[in-house]
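A short write-up of the structure that comes next.
The values are calculated or read from the model by the stated rules, or taken from the named source; none is laboratory data. This one's a predicted model, so the numbers in the text were calculated from it and none came from an experiment. Cβ placement follows ideal geometry from the backbone for every residue including glycine, while neighbour counts extend to all protein chains displayed. Surface areas here come from the heavy atoms of the whole protein model, side chains and all, with no ligands, DNA or RNA. Shrake-Rupley method; radii C 1.70, N 1.55, O 1.52, S 1.80 Å.
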Amino acid sequence: MFRSFCPLRSALFILACVIFSSATLPAAAAPADHLIISEVVIKTRTPETTFGSPFIEIVNPTGAAIPMDDVYITDGTTAPSVIYFNITLLDPAAANPGGGYGGDFHARFPAGYSIAAGDTIAIALNGSAQYQTAYARKPDFELFEEALYPDDVPELREAFPGSIGAGLGGTGNIPVLSDVAESLILYSWDGSSDLVQDLDYVVWGTNT
């Protein structure tokens with residue numbers, strides 16, 4: 001709460017107080033109108049109960065539910081040759097939008113899923129079992145099924161065939177977030193247009 005400390009000696013003093021008061025008030029933050037990557041845990045440590053398990057957290061800060069059928073997330077960009085928005089070229093083998101090899105992934109959310117207004121979701125990167133051991137709760141999604149048989153935690157979909165690469169039992173390309181140089185891109189695409197819509201991104205380390 002602001003309290004005036006200016007003496008009421010003259011109109012000049014009052015005007016100076018108003019100017020000073022207005023200049024020191026913080027600007028109001030603009031309301032968020034899109035999905036946000038709100039937290040990222042990178043490192044895998046053992047025991048998980050002490051050090052945690054990697055995950056990505058996404059929040060819907062708006063006042064309405066957001067359908068996520070066309071929302072994608074990837075760590076597979078290595079400019080200038082491997083770029084996520086090349087997915088619009090509809091030929092992953094030639095266009096190289098990233099994911100599916102080298103520990104990188106390119107995923108999308110399950111069909112029909114919507115994130116509620118004000119809700120936060122967590123995506124386990126090493127599977128739901130390790131996440132639950134670390135945090136005593138299940139994640140909302142897992143990037144891939146690490147067990148030999150599917151559990152009740154839904155997996156993200158591949159953005160295109162092979163773009164995650166990890167199979168049942170955690171075989172194949174096992175995605176991992178680097179602590180040296182990495183990026184995460186959250187975007188939407190309708191599956192046919194020649195443009196994607198960036199929603200949020202996080203870049204860290206020596207990544208340029």
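How many of the residues making up the range 77-91 are closer than 23 Å to residue 111 by Cβ and either of a type in the set (A, V, I, L, M, F, W, C) or modelled with pLDDT under 95 (or both)?
5
Could we say that residue 94 is modelled with pLDDT of 95 or more, surrounded by fewer than 17 Cβ atoms within 10 Å (Cβ to Cβ) and over 15 Å from the mean Cα position of the chain (by Cα) here?
Against the criterion (modelled with pLDDT of 95 or more, surrounded by fewer than 17 Cβ atoms within 10 Å (Cβ to Cβ) and over 15 Å from the mean Cα position of the chain (by Cα)), residue 94 does not qualify.
Restricting to the range 73-91, count the residues that are open to solvent by 50 Å² or more (accessible area, probe 1.4 Å), in a loop (DSSP other than H, G, I, E, B) and among the hydrophobic types (A, V, I, L, M, F, W, C).
So the answer is 2.
Go through the range 181-206 and count every residue that is part of a strand (DSSP E or B), charged (D, E, K, R) and either without any contact (Cβ under 8 Å) to a residue 40 or more places away in the chain or open to solvent by 30 Å² or more (accessible area, probe 1.4 Å) (or both).
Matching residues across the range 181-206 total 2.
Could you tell me whether residue 142 is at pLDDT below 95, under 17 Å from the mean Cα position of the chain (by Cα), at negative phi and open to solvent by less than 20 Å² (accessible area, probe 1.4 Å)?
Against the criterion (at pLDDT below 95, under 17 Å from the mean Cα position of the chain (by Cα), at negative phi and open to solvent by less than 20 Å² (accessible area, probe 1.4 Å)), residue 142 does not qualify.
Is it true that some residue in the range 145-160 is part of a strand (DSSP E or B) and over 17 Å from residue 87 (Cα atoms)?
Within the range 145-160 (the criterion being part of a strand (DSSP E or B) and over 17 Å from residue 87 (Cα atoms)), the answer is yes, since at least one residue qualifies.
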